[in-house]
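The values are calculated or read from the model by the stated rules, or taken from the named source; none is laboratory data. These figures come from a predicted structure and were not determined experimentally. Glycine also receives a Cβ, built like all others from the backbone with ideal geometry; neighbour counts cover every protein chain displayed.
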Amino acid sequence: MKTVNQKAWFLVLPVLFLVAFNALIPMMTVVNYSVQETFGDNLFFWEGLGWFEQILRSDRFHAALGRQFLFTGLILLIEVPLGVIIALSMPRSGFWVPICLVLMALPMLIPWNVVGAMWNIFTLPDIGLLGYFLNHTLGINYDMTQDPLAAWITIITMDVWHWTSLVVLLAYAGLVSIPDAYYQAAKIDGASNWAVFRFIQLPKMKNVLTIAILLRFMDSFNIYTEPFVLTGGGPGNSTTLLSIDLVKMALGQFDLGPAAAMSLIYFAITLGVSWLFYTLMTKDDQK
Amino acid sequence: MAKITLSKLRHSYYPNPTGPEDYALKMIDLDWLDGGAYALLGPSGCGKSTLLNIISGLLVPSEGRILFDDRDVTELAPTERNIAQVFQFPVIYDTMTVRDNLAFPLRNRGVDEDRVKRRVAEIAEMLEVTDILDRKASALTPDNKQKVSMGRGLVRDDVNVVMFDEPLTVIDPHLKWKLRSKLKELHQRVRATMIYVTHDQTEALTFADQVVVMQDGEIVQIGTPVELFERPAHTFVGHFIGSPGMNILPCDVRNGGALFHGQHVTLEGAIQPGEGTRTEIGVRPEFVSLGTTGIEATVRKVADVGRHIVVETLVGDTRVAAIIKDRPPEVGATVHLDFQPQRTRLYRDGWLATSLAEAVQ
């Protein structure tokens, strides 16, 4: 019989400390704020689940959450199919491969706030290249500082520009890992291009696409810097996504309790959706 | 089904081949008869997969033509040739069930559903996969996956040829034997032309009626397994087939006889006249015996492989292997080697150079 030795648990201790200091303890302070009211000076009053109730009932939160889901949904709907199409049309070998890969990776290397500033200037009606061209050459009224629709088009385009490459690179990695024999067999079996995509390429890309969607979901759901620099949440509140609203509440209004409660709800939604998606996508693999 | 003719086929992967070394296939002229079981045997990189891909249409040869029953198919795409190919690694459509996998080539060709059902049931029964027809293909074991990919090739009853590209590479050894005999049985049932590419002599010799041995982009011999074993046309065939392979012993030719380390060796027949400088004696270890007279040799290694004993000896610095039944000599002992004359041949520049006749002194 094997003797059971529990000593190995001690080896986990360093990781436990690390996780405690960079995640658990900061998060506990947020939990602490979320159930209390404070006016500074380290004076706290017990508030229970009051803040949570207030946030969950507030129209402001509902509106921000709705905008957040709209934003994330739209960019996923555009970036995932677009990324797959670009990956499919990239060469599989030869001279152009490294060039395509570097060009694809470039937008991802630019810091978020720079991307926001770039697109801000780019689309300004009077001085931006695109803004000037649209307004003064084509005569289309396009002003993302005034028009909510223009603001939305701009942040969506910016995100697509910045992050489609991630989907492309992951999908491309999935595609090049398909052995030639699959394509040859499909040719011999008389499969159409659609059948090759549906029964060979898509199944082989499933795992990397799951990761790509997951990453893009989390990133876009938590997006802050780019829209903050670009539109600052405006015009009005039309592009105030969850994180922008959260920062307004925490730092602008100094409502630490409700902001903490909102952070936790926000975190729970991100975690819940990610978990649900990942479980649904991988449940077939376990069979 | 069809007779397949390869006529003056050459292929190079370079756009502008300059010399023969640029050609993956040097010059192939070959007929595959309808309904035959062929093996294409050769070491890795000898051009056998290139040849296979040319027959299936995945590659267009640089020169020469391929005819299916006198119809030129050189430029036709794989789909139009009506062939089937089974690859080294099982190619299956992961998201489909076994049934849909088998039906896939038929459905793509618009065969009506009743017929699809009937054919799939027949093939499944032949391959013994009837009980897993509704399972998802991704969940199968490698041997069942390979069976399914074979099934996709066999399901069309009008295929001209079914080609197997080292199909047993990823199969566990104990299942290899089973699948190999299954293949042989399938060939007898469906009577389609089958070409089996392999570098494994056991697979080639058990599957095929005719074995085509290739080396460096050339066909060195075509024959039945027995012919290849008994009378290799080239030293390459001699040492590639057999375990251990044929002894190839450098020798001198003087006055129409062969001299090995100064001793006269009796050959199967007269030496044909011909050009060439390098002459070698070829004799299989099976036909070398240890006796009291003959060429003197020192025993270097003795290996008991179960059914027989392989004795490796040294004559000068030339290794000569012998296969004996029992009573092995000690390592280091001096023995005398006796070559069976009817099985001892002369090779000039690698090619057989004796004619089978009465043994001459």
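Inclusion of residue A:127 among residues that are within 14 Å of chain B (Cβ to nearest Cβ), part of a loop (DSSP other than H, G, I, E, B) and not acidic (Asp, Glu) is not warranted. If the condition is being under 29 Å from the mean Cα position of the chain (by Cα), of a type in the set (Val, Ile, Thr) and surrounded by 10 or more Cβ atoms within 10 Å (Cβ to Cβ), then region A:1-50 contributes A:19, A:25, A:29, A:30, A:31, A:35. In a residue-by-residue description of region B:139-153, the property of being closer than 27 Å to residue B:9 by Cβ and of a type in the set (A, V, I, L, M) applies to at least one position. Name the single residue that is surrounded by the most Cβ atoms within 10 Å (Cβ to Cβ) among those in region B:276-305 being at pLDDT below 85 and of a type in the set (Gly, Ala, Ser). Out of the qualifying residues, it is B:294. Residue count for region A:181-200 satisfying the condition of being on the phi > 0 side of the Ramachandran plot and in contact with a strand residue (DSSP E or B) (Cβ under 6 Å, 6 or more places away or on another chain): 0.
State whether the residues of region B:113-130 include one that is over 30 Å from residue B:5 (Cα atoms), surrounded by fewer than 17 Cβ atoms within 10 Å (Cβ to Cβ) and within 14 Å of chain A (Cβ to nearest Cβ). Checked region B:113-130: no residue is over 30 Å from residue B:5 (Cα atoms), surrounded by fewer than 17 Cβ atoms within 10 Å (Cβ to Cβ) and within 14 Å of chain A (Cβ to nearest Cβ).
Selection of region B:137-170 for residues being within 10 Å of chain A (Cβ to nearest Cβ), buried (at least 17 other Cβ atoms within 10 Å of the Cβ) and not hydroxyl-bearing (Ser, Thr, Tyr) yields B:152, B:153, B:155, B:156, B:159, B:163, B:165. For region A:130-148, filtered to residues that are in a helix (DSSP H, G or I) and aromatic (Phe, Trp, Tyr), the residue that is surrounded by the fewest Cβ atoms within 10 Å (Cβ to Cβ) is A:133.
Among the residues of region A:146-193, those identified as of a type in the set (Ser, Thr, Tyr) and within 14 Å of another protein chain (Cβ to nearest Cβ) are A:177, A:182, A:183, A:192. Residue B:232 meets all of the listed conditions (1) crowded, with 22+ Cβ neighbours inside 10 Å; (2) in a strand (DSSP E or B) but one, namely (2). The condition (being more than 9 Å from every other protein chain (Cβ to nearest Cβ) and of a type in the set (S, T, N, Q)) is satisfied by just one residue among B:108, B:82, B:53: B:82. Only residues that are under 28 Å from residue A:250 (Cα atoms), of a type in the set (A, V, I, L, M) and assigned to a helix (DSSP H, G or I) were counted in region A:1-55, giving 11. When A:241, A:202 are checked against the criterion of being modelled with pLDDT of 85 or more and within 29 Å of residue A:153 (Cα to Cα), a single residue qualifies: A:241.
Within region B:161-176, the set of residues being touching a residue at least 40 places away in the same chain (Cβ under 8 Å), assigned to a loop (DSSP other than H, G, I, E, B) and of a type in the set (A, V, I, L, M, F, W, C) comprises B:170 only. Each residue in region A:104-127 was checked for being of a type in the set (A, V, I, L, M, F, W, C) and touching an Asp or Glu at 6+ places or on another chain (Cβ under 8 Å), and 3 pass. Once region B:56-72 is narrowed to residues that are within 14 Å of chain A (Cβ to nearest Cβ) and buried (at least 16 other Cβ atoms within 10 Å of the Cβ), the residue that is farthest from residue B:29 (Cα to Cα) is B:58. Could you please let me know if residue B:277 is at negative phi and not in a strand (DSSP E or B)? Considered against the rule, which asks whether it is at negative phi and not in a strand (DSSP E or B), residue B:277 comes out as yes. Listed here are the helices (runs of 4 or more DSSP H) enclosed by region A:169-262 that have at least 1 residues being within 17 Å of the chain's Cα centre (by Cα) and under 24 Å from residue A:116 (Cβ atoms): A:202-221, A:225-230, A:242-247.
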